[in-house]
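Asks: Take a look at the following structure, please.
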Amino acid sequence: MCAQRSGSADISCRIAGVQLPTPLVLASGIWGTSPALLERAARTGAGAVTAKTCTPRPRRGHRNPSAVHWDHGLINAMGLPNPGVTEELALLREASRRLRRLGVALIASVSADTAEDFADAAARLAEAGPDMIELNVSCPNLGAEHGEMFAATPRAAAEVTARVKAATRIPCLVKLSPNVHDIGEVARAVVEAGADGITAINTMPGMLIDAASGAPVLANQTGGLSGPALKPIALRCVYDIASVVSVPIIGTGGVLSGTDAVEMISAGATAVGVGSAVFYRGGDAFSLVKDELSAWLAEHECWSLDDIRGRAHTSRKAAVVTALPPVPGWERSS
Amino acid sequence: MSAPAGIPTPFRITEKTQENVKTASLVLDGSLPCAPGQFAMLWLPGVDEKPFSISGSDPLMFTVSRVGPFSEALHSLCAGDALWVRGPFGRGFSAGRGRTLLVGGGYGAAPLAFLARTLLAPGCGGSAEAALGARTAADLLFVHRFQAMGVRVHAATEDGSEGTVGLVTGVVQRLLADGRFTNVQACGPEGMLEALERICAGAGVPAELSFEAYMRCGVGLCGACEHGGRLVCLDGPVFSAGEEPDVGSTIRGS
C-alpha cells in the first residue's frame with residue numbers, strides 16, 4: 001500500500017490552498033491569542049495555529065472553576081474570554097508576523113450572536129492577514145443569552161457560512177458540534193454554502209457534580225468534554241463527514257499521541273487538531289505528537305499522509321494488514 | 001502519559017492560625033504529596049476557585065492573605081468547615097544540599113517555610129537562612145516559623161519598624177557579597193523577583209524564582225497566565241533565573 005522510499009515521511013498537507021508543514025493544528029482556545037504562545041506551538045511542531053475565538057465585543061468569560069480534569073478527559077467552560085475584535089486585530093497581526101517567518105499558518109476564530117455580526121467580525125479579523133478563518137458556530141458554553149448554537153441545524157450553520165463567505169475572501173473553516181442528530185447533514189449544508197474546510201469537532205456538552213456539596217463543579221454548571229473521552233466521538237464524526245463531503249477536515253478531539261493522529265487521518269481528516277494534549281503531555285505536546293507520527297509512518301513504510309488518509313473508508317482489509325510491521329521473532333518461532 | 005489528578009476534593013479545616021494582621025494559615029485534615037513551590041486550586045462552591053501556593057503538605061496547609069473577595073471568604077472559614085482542593089499543579093522549587101538564601105516579599109513567604117523544612121530535613125543536607133521583606137513589621141510573614149526551625153531571619157521593612165529599613169533586595173545584595181550562599185530561592189512580587197535576578201546574576205549565584213500570575217484554568221490550557229511566552233501554571237510557577245524570557249517582547253492580551 002505504501003511506496004518504498006528512503007528517508008522520513010513527508011507530513012505536510014494542504015488545506016484550502018494553504019500549505020501546512022505538519023498536519024498538527026493548535027485547537028482554538030488553547031493558549032489564547034498570545035503571539036508568544038502561538039509561536040511556541042509553531043516552533044515545537046504545529047503546522048497551523050488557531051487563535052482563541054474572538055467576539056465582536058470583549059468578553060470576560062465565566063468564573064472559576066472553568067476547566068477540570070476528570071477520570072477520562074477534561075471539561076471546560078471558559079465562556080469565550082477574549083479582548084474583542086479591535087484588540088484581537090493587534091494580537092493577530094503580531095502573531096501573523098511571527099508565524100510567517102516559520103512557514104506556519106495562522107487561523108483566526110470568530111463567533112457572534114447573529115449571522116450578520118459573524119460576517120462583520122470576520123471581515124474585520126481578515127484585515128490582520130490570517131491564512132484562514134474558523135467560524136465557531138458550536139461553542140457549548142455560551143448559554144441561553146445567545147440562543148441555540150448555529151451548528152445545531154444545517155440551515156443556521158449554512159446561513160452563517162454564506163454571510164461570511166460573501167463578506168470576505170479569506171478561506172473559511174466551519175467548526176461543527178458533535179451534539180447534533182446528523183453531523184454529515186450539517187457538513188453538507190456548510191460546504192454547499194461555501195465552506196472551504198471543516199473543523200470537527202467542538203467539545204461535547206457535559207457536567208460534573210461534586211458529591212460532597214451537591215454543587216456543579218463548573219461555575220457555569222455545564223461545560224464541554226475534551227480529551228480521551230472525546231476521541232471515539234470525534235472519529236465517528238470525522239468518518240461521517242468525510243463520507244459526504246470532499247473539503248479538507250481538521251479532525252479534532254482527544255488526539256494525544258502520534259497514533260491518535262494516525263487514527264484521525266485514517267477516518268478521513270486532512271489535518272489534526274491538538275488541544276487537551278497540552279494538559280496530558282505538557283508544553284512539548286506538539287513535538288511529541290509530531291515525532292510519534294513520523295516514527296509511526298516510517299515504521300509502517302508510509303511516505304506521505306496520503307498513504308493513510310481515509311483508510312477506514314476502504315474495505316481493502318488485505319492492504320491494511322500488509323501495512324503492519326513485521327513481528328520480531330515471528331519467523332524463528334514459526 | 002500522566003496528568004495531575006483532577007476534580008476538587010473536599011478537606012476539612014482542623015486548625016486556623018492568624019499569621020499576621022492580614023494573613024491566616026488553614027491546616028486541613030489530610031496530606032497532599034507535593035514539592036514546595038507547587039500550587040493547588042482552592043474552591044468554595046458557589047463562590048470562586050483560585051490558585052494558592054501550598055505552605056505545608058502533611059498536613060496540607062495554605063497560607064492566605066486577605067487581598068480580595070475570595071481570600072476574604074477563605075478567612076471567614078473556621079475549624080470544621082470544608083474546603084475543596086485540586087492539585088498539586090506546576091513546577092516547584094528544587095531541593096539541594098547547598099547553602100540556600102530564601103527570599104520572601106510580603107505574603108510571598110508562604111511556600112518558603114515549607115521549603116526550609118524540606119531543605120533542612122535529615123537526608124537532604126542543606127542549610128538555609130531567610131531574608132524577608134514587608135511594608136511594616138506587622139506585614140512580615142513566618143518570622144517565628146523560620147526561627148522555630150533554627151533558620152536565621154534577616155528582615156527588611158519599608159517603614160523601618162523591624163530589621164533593615166528599605167527593600168529586602170538591599171539585604172540580599174549585602175548577604176550575597178560574602179559568598180556564603182550557594183543559591184537563592186525566592187517568592188514575591190514581580191519587581192522584587194526582577195531585581196533579584198539582576199542581583200544574583202551579578203553575584204554569580206543561581207536563583208529559582210516563583211512568579212504569581214492571573215490564572216484561569218491552572219492546568220496549562222487557557223493561556224491566561226502567559227508570561228513572556230511561558231505558562232506560569234505549567235512551566236512554573238518556579239523558574240530558574242535566566243530561563244524567564246523578556247516580558248517586553250510580547251503584546252499582552254489583557
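The values are calculated or read from the model by the stated rules, or taken from the named source; none is laboratory data. This one's a predicted model, so the numbers in the text were calculated from it and none came from an experiment. Here the Cβ positions follow ideal geometry from the backbone for every residue, glycine too, while neighbour counts run over all protein chains shown. For accessibility, only protein heavy atoms count, side chains too; no ligands or nucleic acids. Shrake-Rupley method; radii C 1.70, N 1.55, O 1.52, S 1.80 Å.
Asks: Here is a list: B:PHE62, B:PHE11. Which entry is part of a strand (DSSP E or B) and within 13 Å of chain A (Cβ to nearest Cβ)?
Replies: B:PHE11
Asks: Something else now. Could you tell me whether the range A:220-241 includes any residue that is touching an Asp or Glu at 6+ places or on another chain (Cβ under 9 Å), part of a loop (DSSP other than H, G, I, E, B) and open to solvent by 10 Å² or more (accessible area, probe 1.4 Å)?
Replies: no
Asks: Determine which single condition B:ILE7 fails, assuming it passes every other condition in (1) over 30 Å from B:VAL171 (Cα atoms); (2) out of contact with any His (no Cβ under 8 Å at 6 or more places or on another chain).
Replies: Among (1) over 30 Å from B:VAL171 (Cα atoms); (2) out of contact with any His (no Cβ under 8 Å at 6 or more places or on another chain), B:ILE7 violates only (2).
Asks: Find the helices (runs of 4 or more DSSP H) located wholly in the range A:242-301 whose residues include 3 or more that are open to solvent by 20 Å² or more (accessible area, probe 1.4 Å), of a type outside the set (A, V, I, L, M, F, W, C) and away from chain B (no Cβ under 14 Å), and list them. Lay out the reasoning, then the answer.
Replies: Values: elements: A:258-266, A:277-281, A:285-299.
Qualifying helices (runs of 4 or more DSSP H): A:285-299.
Asks: Just wondering, is there one or more residues in the range A:150-163 that are part of a loop (DSSP other than H, G, I, E, B), of a type outside the set (Gly, Ala, Ser) and open to solvent by 10 Å² or more (accessible area, probe 1.4 Å)?
Replies: yes
Asks: Could you pull out the residue among A:ILE15, A:ILE30 that is more than 7 Å from chain B (Cβ to nearest Cβ), under 15 Å from the mean Cα position of the chain (by Cα), open to solvent by less than 50 Å² (accessible area, probe 1.4 Å) and on the phi < 0 side of the Ramachandran plot? Before you say what the answer is, go through the steps one by one.
Replies: Values: A:ILE30 fails: more than 7 Å from chain B (Cβ to nearest Cβ).
Exactly one of A:ILE15, A:ILE30 is more than 7 Å from chain B (Cβ to nearest Cβ), under 15 Å from the mean Cα position of the chain (by Cα), open to solvent by less than 50 Å² (accessible area, probe 1.4 Å) and on the phi < 0 side of the Ramachandran plot, namely A:ILE15.
Asks: Same structure again: For the range B:168-245, give me every one of the strands (runs of 3 or more DSSP E) that falls completely inside it and has 2 or more residues that are of a type in the set (Gly, Ala, Ser) and open to solvent by less than 50 Å² (accessible area, probe 1.4 Å).
Replies: Of the strands (runs of 3 or more DSSP E) lying wholly inside the range B:168-245, those with at least 2 residues that are of a type in the set (Gly, Ala, Ser) and open to solvent by less than 50 Å² (accessible area, probe 1.4 Å) span B:207-210.
Asks: Right, here's the next one. Mind checking which residues of the range B:30-59 are assigned to a loop (DSSP other than H, G, I, E, B), small (Gly, Ala, Ser) and within 14 Å of chain A (Cβ to nearest Cβ)?
Replies: B:GLY30, B:GLY46
Asks: Of the conditions (1) of a type in the set (A, V, I, L, M); (2) open to solvent by less than 10 Å² (accessible area, probe 1.4 Å); (3) within 30 Å of B:VAL85 (Cα to Cα), A:ALA51 fails just one. Which one is it?
Replies: (3)
Asks: Of all the residues that make up the range A:173-200, how many are more than 23 Å from A:GLY227 (Cα to Cα), part of a loop (DSSP other than H, G, I, E, B) and open to solvent by less than 10 Å² (accessible area, probe 1.4 Å)?
Replies: Taking the range A:173-200 first, the residues more than 23 Å from A:GLY227 (Cα to Cα) are A:185-186, A:188-196.
So of that shortlist, the ones also part of a loop (DSSP other than H, G, I, E, B) come out as A:193-196.
Those left that are additionally open to solvent by less than 10 Å² (accessible area, probe 1.4 Å): A:195.
Adding up the residues that qualify gives 1.
Asks: Yes or no: A:PRO56 more than 14 Å from every other protein chain (Cβ to nearest Cβ), in a loop (DSSP other than H, G, I, E, B), closer than 30 Å to B:PRO45 by Cβ and out of contact with any Leu (no Cβ under 6 Å at 6 or more places or on another chain)?
Replies: Details: more than 14 Å from every other protein chain (Cβ to nearest Cβ): yes; in a loop (DSSP other than H, G, I, E, B): yes; closer than 30 Å to B:PRO45 by Cβ: no; out of contact with any Leu (no Cβ under 6 Å at 6 or more places or on another chain): yes.
Spelling it out, it is not the case that A:PRO56 is more than 14 Å from every other protein chain (Cβ to nearest Cβ), in a loop (DSSP other than H, G, I, E, B), closer than 30 Å to B:PRO45 by Cβ and out of contact with any Leu (no Cβ under 6 Å at 6 or more places or on another chain).
Asks: Could you run through the range A:2-23 and say how many residues are modelled with pLDDT of 95 or more and touching a Phe, Trp or Tyr at 6+ places or on another chain (Cβ under 6 Å)?
Replies: Of the residues in that region, 0 qualify.
Asks: Name the residues in the range A:65-95 that are in contact with a Gly (Cβ under 8 Å, 6 or more places away or on another chain), in a helix (DSSP H, G or I) and open to solvent by less than 10 Å² (accessible area, probe 1.4 Å), would you?
Replies: Scanning the range A:65-95 gives A:LEU91, A:LEU92.
Asks: So is A:ARG309 of a type in the set (D, E, K, R) and in contact with a helix residue (DSSP H, G or I) (Cβ under 7 Å, 6 or more places away or on another chain) or not?
Replies: On the way: of a type in the set (D, E, K, R): yes; in contact with a helix residue (DSSP H, G or I) (Cβ under 7 Å, 6 or more places away or on another chain): yes.
Yes.
Asks: Being open to solvent by less than 70 Å² (accessible area, probe 1.4 Å), assigned to a loop (DSSP other than H, G, I, E, B) and over 15 Å from B:GLY188 (Cβ atoms) is the filter here; which residues of the range B:139-166 pass it?
Replies: Of everything in the range B:139-166, those that are open to solvent by less than 70 Å² (accessible area, probe 1.4 Å), assigned to a loop (DSSP other than H, G, I, E, B) and over 15 Å from B:GLY188 (Cβ atoms) turn out to be B:MET149, B:GLY150, B:VAL151, B:GLY160, B:SER161, B:GLY163.
Asks: What pairs come up if the first residue lies in the range A:73-88 and is more than 9 Å from chain B (Cβ to nearest Cβ), the second is open to solvent by 10 Å² or more (accessible area, probe 1.4 Å) and part of a helix (DSSP H, G or I), and their beta carbons are under 6 Å apart, counting only those six or more places apart or on different chains?
Replies: Within 6 Å, the pairs are A:GLY73/A:PRO228; A:GLY73/A:ALA229; A:VAL85/A:ARG124.
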